[in-house]
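Quick note: the coordinates plus some simple rules give every number you see, no bench work behind them. Owing to the predicted nature of the structure, the values given are computational and were not obtained by experimental measurement. Neighbour counts run over all protein chains shown; Cβ positions are idealised from the backbone, glycine included.
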Amino acid sequence: MANSHDFYRRLDNLLVFRQGDQRAPHKPLYLLYCIAGVQMGKARLQLFDTVAPVLKSALKLFGPWTKSLHPEYPFWRLKNDGLAEFVADGPLRLRLSSNDPTVSSLREQNARGGLLAADYEMLSGNLQLQSLVAHKILDAHFPESIHDEIIRFFELTLDEPHAADRTSNADFRKAVLSAYGNCCALTGFNLEVAGRSVGVEAAHIFWPQSGGNDQVSNGIAMTVLHRKLFHLGLFSIRPDYKVVVSSEAVDKGGDTNFSLSAMSGRSLTLPPDKELWPNPTALSWHQRWVFRG
């Protein structure tokens with residue numbers, strides 16, 4: 001029987017592909033898929049053809065923008081982290097460029113994967129542990145602003161609606177909002193209730209989960225809505241501090257001040273202190289690894 005401390009240790013040691021500051025959320029998303037499967041009472045080991053379409057959609061929504069999506073990578077590789085099992089009916093053909101099996105051989109050999117039996121048993125029927133594990137994965141790999149979107153995508157049921165914010169995030173938020181005068185840099189939205197700013201948040205540009213810091217120059221004040229859209233890569237900020245909108249974003253609610261189509265080409269309203277303006281390196285990271293082209 002597995003124990004939670006050992007499971008957490010293996011999660012902490014999860015080997016995520018690193019090449020410079022590139023994002024690679026493949027394994028975290030696959031783990032969340034597996035946890036959702038536990039909750040839904042699905043078979044522990046799932047056929048690759050069952051996993052692949054869901055994981056491919058998750059990678060398209062929550063992974064870096066790319067023309068090639070590879071759900072087969074985490075399906076095959078997570079076993080190396082001691083977090084998953086992989087079985088097939090026969091030998092697999094390997095790709096010439098790596099030790100990964102070809103997609104066609106995964107299908108031909110009825111490849112199946114999922115959590116280890118002991119971990120599956122430990123998580124089954126334990127909503128508190130399922131929630132703690134899911135939040136741990138979300139906190140480690142994705143900004144809090146899009147946790148709800150990922151939870152809804154996988155149809156997860158958690159005993160808390162949000163992961164707890166890190167203490168440093170509270171200081172980061174206060175410093176960024178102060179620099180921008182509590183105003184959304186995109187729309188000018190500024191609402192106070194009982195002397196407190198409401199509806200405007202600090203959006204990290206270069207995610208801390210990928211190596212970014214909590215300096216004001218790595219943040220922009222945005223409405224809660226625009227922070228989520230920014231972290232989903234539906235718009236970005238060019239080096240000249242103008243908004244560029246993803247071709248994948250289709251506005252269907254009219255051309256309003258808050259719509260993405262209306263913001264295309266709009267200049268940010270920046271802090272008076274140039275030292276606090278968005279860092280060009282952070283903006284480049286966002287355009288390279290989050291923005292959806």
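Which lysines have a Cα less than 28 Å from the Cα of Lys174, not counting those fewer than 8 places away in the same chain?
The qualifying lysines are Lys136, Lys228, Lys242, Lys274.
Taking the Cα atoms only, what angle lies between the long axis of helix 280-289 and the longest principal axis of the chain, rounded to 10 degrees?
Here the helix axis deviates by roughly 40 degrees.
Could you state the angle between the C-alpha long axis of helix 26-40 and the longest principal axis of the C-alpha atoms of the chain, as a value from 0 to 90 degrees rounded to the nearest 10?
For 26-40 against the chain, the angle is about 70 degrees.
Compute the Cα gyration tensor for the stretch 1-81, then decide on rounded, prolate or oblate, letting a ≥ b ≥ c be the square roots of its eigenvalues: rounded whenever a/c is under 1.5, prolate when a/b is larger than b/c in the other cases, and oblate in all that remain.
Verdict is oblate for the stretch 1-81.
State the answer as a single residue: which of Gly181, Gln287, Ile220 lies farthest towards the positive end of the charge dipole of the stretch 167-289, with beta carbon charges of +1 for Lys and Arg and -1 for Asp and Glu, about the Cα centre.
Most positive-ward Cα: Gln287.
Going by the alpha-carbon gyration tensor, a ≥ b ≥ c the square roots of its eigenvalues, is the chain rounded (a/c under 1.5) or, if a/c is not under 1.5, prolate (a/b greater than b/c) versus oblate?
Prolate, since a/c reaches 1.5 and a/b exceeds b/c.
So for Glu155, Glu149, Glu144, Glu201, fewest C-beta neighbours within 10 Å to most, what's the order?
Lowest count first: Glu155, Glu149, Glu144, Glu201.
Can you work out the Karplus-derived ³J(HN,Hα) for every residue in the stretch 204-215? Use 6.51 cos²θ - 1.76 cosθ + 1.60 with θ = phi - 60°, whole Hz, and x for glycine or proline.
Working through the residues one at a time gives 5, 8, 9, 4, x, 5, 10, x, x, 10, 9, 6 Hz.
Once phi is turned into ³J(HN,Hα) by the Karplus curve 6.51 cos²θ - 1.76 cosθ + 1.60 with θ = phi - 60°, what whole-Hz value does each residue of the stretch 151-156 show in order, with x for glycine and proline?
4, 5, 4, 8, 6, 6
Enumerate the amide H contacts of Glu201 below 5 Å, restricted to partners 5 or more residues apart or on another chain; note that Pro and chain-start residues carry no placed amide H.
Residues meeting the criterion, in which the H sits 1.01 Å from N, are Met222, Thr223, Val224.
In whole Hz, with x marking every Gly and Pro, tabulate ³J(HN,Hα) for the stretch 128-143 from phi via Karplus 6.51 cos²θ - 1.76 cosθ + 1.60, θ = phi - 60°.
Per-residue couplings from phi come out as 4, 5, 4, 5, 4, 5, 4, 5, 4, 5, 4, 4, 6, 10, 9, x Hz.
For a quick protection proxy, order the peptides 5-15, 113-123 by their average other-Cβ count within 10 Å, most packed first.
Ranking, from highest mean packing down: 113-123, 5-15.
With +1 assigned to the C-beta of every Lys and Arg and -1 to the C-beta of every Asp and Glu, and no other charges, what is the dipole magnitude of the chain about the Cα centre in debye, to the nearest 20?
Approximately 700 debye in magnitude.
Per DSSP helix of 4 or more residues, -39500 (n - 2.57); summed, then divided by the residues of the chain. What does that give at 222 nm, rounded to the nearest 500?
The helix-only estimate for the chain comes to -11500 deg cm²/dmol at 222 nm.
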